[in-house]
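Comments concern the structure below.
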Amino acid sequence: MSAPPLLLGAAVLFWGWQTGLLLPAAALAVLLEGARAVAWRLDFSRQDFHRISDLCAVVSAGSAVYLLTAGGGARIAGAPGALTVLFQWLPLLVAPLVACQAYSTAGKVDLGAFFWAYRRKAAGERAPSTDALDLAYPYAVLCVLSAGAANVRTPAYFAGVCLLTAWALWVGRSPRFSPLWWVASLALASVAGYGGHLGLHRVQQKLEELAFEYISSLVHRDTDPFRSTTAIGHLGQLKLSDRILLRVTPAPGQAPPILLREATYNVYNSPAWFAVGAGFTPVQPEAGGETWKLAPGPASEASVGVSMYLPRGRGVLALPARAMEIDKLAVVRLSKNSLGAVRVDEGLGLVTYRVRVGPVSPLDAPPTDLDLGVLAGESVAVSRVAADLGLVGRPPAERLATVAAFFRTRFRYSTYADRPLGRSPLEDFLLRGRSGHCEYFATATVLLLRAAGVPARYATGYSVQEWSRLERRYVVRARHAHSWALVWADGAWRDLDTTPPLWADEEAAAASAFEPLSDIGSWAVFLFSRWRYGEGEEGVARYLAWLLVPLVLVLAWRLYGRRRIDRATTEATRGELAPRHPGADSEFYLIAERLAAAGLGRGAAEPVSTWIGRLEAAHVPVAGDALRRIAELHYRYRFDPAGIGADERHALRAGVEAWLAARAGAAGASVRD
C-alpha cells in the first residue's frame, strides 16, 4: 500500500519544525511531493540504488565523526549529545535514497541497498531476486522519531504524531465502520497513548540509569584512595542510583545513621581532593588467615557486619570509625595507609566481614601542616565566613558547634546546582546560593575549620540508614554515598557531618517506582554470589537446593516440548516445499506437466533420454529430436555451474513454445479426425 498524498511532505515538515531545521525540511518536502506532479521517471538500476545507499552511509559516518570530534567529544555545548544530534539529522542524511525512489520507475528500493548479504547473493545468482522495500512509510516513521530526539517537551509533539498517524491510517480504514466511529476509536487510542507516553518516560529514566551503571561497571571505576573528584561545579541535576552496594548488620544497640568510611584526603584543589603522603603498607593476617589487626590493642566484642562486592577482587573496604580489627575477611592481601584507607589487593568478588572498633582511631595519622592548608582560590571566601562567625580565639569545641549550627540553620540540601555568578562554585555556595549536596558541605566545613585553626580532612564513604524488609538487614545504595569532615578534637580524629540530616529522605523521595523490583533482582544476585564464592557449607547446600528448582522446571519443560512433536507435525514438515533451486524457472517443466496430464509422465528416477525413447517406442507424437535438444539445454541450465548464455536461454524458451504449439496442433487434428 502506497503512502497517501502529502503524508511524506507533512512528516518532513513536522520533523523540521521540531528540530529547528524548517528551511531544509521545506525544500525536502517540495522535492519529495513534487514527484507526484511530474510525468517522467528515471530508470534507476539495482546498482544505482546501491551506490546512492553507500553515499548516504558514508555521509552519515562522516557526520558522526564530525559530531564526536568537534566541540569536546560527545558533549556539544548548548545542544544535546552528538548521538542525539546525529539521530536528528537522519531524515536529511537518508533523503537522497528516498528522493531517488520517488523519481524512479521501480517505486521501491532493492534490499541490497541496505544489506551486503543481499548484494553478494544477487551477484552469485543468474536470476537475482526482486525483493524490494517501499521507503515511504519507514521514512515517515523516521521523521517522527527524529523529531522526538529534539526533546521539545510540549503537547504539540504528541498532537502532531497523532495527526500524522491518523493521516496514514485513514486510507486503510475498514469500510465496515463509519468514519465517526473510526475517529472516536483513534481519539481514545491517542488519550491512552499519551498516558502510556508518560509511563514510558519513567521507564526510560530507569533504563538510562541501568545502562549508566552497567557501563560504569565495565569501566571498573573503584574508589581511588589517592584522589576524589567531586561534583562541585557540576551544573544541573546530580543523577543518583538506586543500586545496592553494601549490606550492613550493625552492632547490638547501634542505631543508624552509621558512617562507613572508605578513604580520607588532605589536599584540596578544586574540584578534587587528594591524599598526599598516604602510601600503603601491607597488613599481616592472624592465625587462620581471616582476621586482620589494623593496630595493636584490645578491640570491643561488638562488631559491625558488612557485605560488599570487589570488582576483579580488589577495592577499598568500607569501615566504621575507629576500626581496629577485621574478622572473617577471606582475602589474600590487605594493605592500609596513614589516612585511614584499607585496601584489598587480592580477594574474591564478594566479601563479608565483621569490624571491631576501639576507643580511638588507630589508622589515622596525627595532623600535619597539610591538614591546615587552604588554597588561595578559596581562602578569601572561607576567611570571610570564619571572621563573620568569630571562630578565631574560641575553644575547639565551640568552633565545631558554631560551624555545625551555621550549616544546619542557614543552608539547605539540594542535588541541583545553578551556574555560579562570577564566583567559584564553593564561594557561591558559602556566600550566595547556600544550597548543595554533601560534597559542598564537607568541603566547606573542612576549609572553614582549617581557616579557624582546627586540623580537618575530607572523608568519603556511605551513610547506613535504610532498613530492608526483604533482606532483614540494612542496605546501602549508590545514592547513599556520602562525604563529611574528619576533625582533630581532644587529641583524636572525630567525624563531623554538617550535611542537613534530611538529605537521605529527599533522595529517597525521588527514587524510581521500579526500585522494589530491582531490589528483588539485587537480592537474588547477592544470594547467588554468596553461593558462588562459597560463604559457609550450610549456605552452599541451602542455595544449591534453590538452584535445583529452576533446573527441574527447565528439564520438565524440555521433555514436555519433545512430546508435542507428533506424527502429524512430522508429516506436515515433510510436505513443506523445497527451497528454490537454480533452473527452477526452466520452461522444460511445462512440457513435463503437459505430458504428465496426458498420462505420459516420467517414471520415478527415470532419465529423460529413457523417457523420450519410451514415448517414441509407443508411437507417441513427441517430436523426439526437438525434445532431446530442449532437454539438453534444460539440463545445462539446471546443473552446469557456468550456466547458459542469453542466446541459449532464448533458444530454450522458443523451443518449448514451438513444441507446445506443435503438440496443441496435433491434439486438435486428432480431435477433428
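Values computed for the structure shown
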read-out	value
Whole-Å distance, taken between Cα centres, linking segment 136-182 and segment 1-45	16 Å
Built amide H within the under 5 Å cut-off of W493, gap 5+	S361
Reachable aspartates and glutamates from K121, criterion Cα separation under 15 angstrom, eight or more residues apart if same chain	D110, D131
Pairs of Cα atoms farther than 24 Å apart, segment 227-521, %	53 percent
Label-point gap, in nm, between L590 and V65 - each point 7 angstrom along Cα→Cβ	5.4 nm
Simple spin-label estimate for A513 and T105 in nanometres, 7 Å along Cα-Cβ	5.7 nm
In nm, spacing of pseudo-spin labels at T281 and V58 (7 Å Cα→C-beta vector)	6.6 nm
Charge tally in the Cβ shell below 11 Å around D519, where Lys, Arg are +1 and Asp, Glu are -1, D519 excluded	-1
Sorted peptide list for 385-398, 433-446, criterion being average Cβ within 10 angstrom, highest first	433-446, 385-398
Evaluated at q = 0.16 Å⁻¹: base-10 log I(q)/I(0), Debye formula over Cα of segment 588-672	-0.64
Theoretical FRET efficiency, 1/(1+(r/R0)^6), r = Cβ-Cβ of V392 and S2, R0 60 Å, to 0.05	0.10
Residues with amide H under 5 Å from that of R473, placed H, sequence gap 5 or more	S468
Net charge contributed by nearby residues that have their C-beta within less than 12 Å of G461 (K/R +1, D/E -1)	-2
Sequence ranges 476-483, 610-617, 598-605, ranked by mean other-Cβ count within 10 angstrom, highest first	476-483, 610-617, 598-605
Theoretical FRET efficiency, 1/(1+(r/R0)^6), r = Cβ-Cβ of R41 and T610, R0 45 Å, to 0.05	0.30
Under-5 Å amide H pairs with L135, H placed in peptide plane, nonlocal only	V109
Cβ-based net charge around R333, under 10 Å, with every Lys or Arg adding one and every Asp or Glu removing one	0
Ellipsoid equivalent to segment 333-446 - semi-axes via the Cα gyration tensor, in Å	33, 20, 15
Efficiency of FRET from Cβ geometry, S383 and A404, R₀ 25 Å, rounded to 0.05	0.85
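None of the figures in this text is laboratory data; all of them are computed from the coordinates on show. Values in this document were obtained by computation on a predicted structure and should not be read as measured data. All Cβ positions, glycine included, derive from the backbone under ideal geometry; neighbour counts span all protein chains shown.
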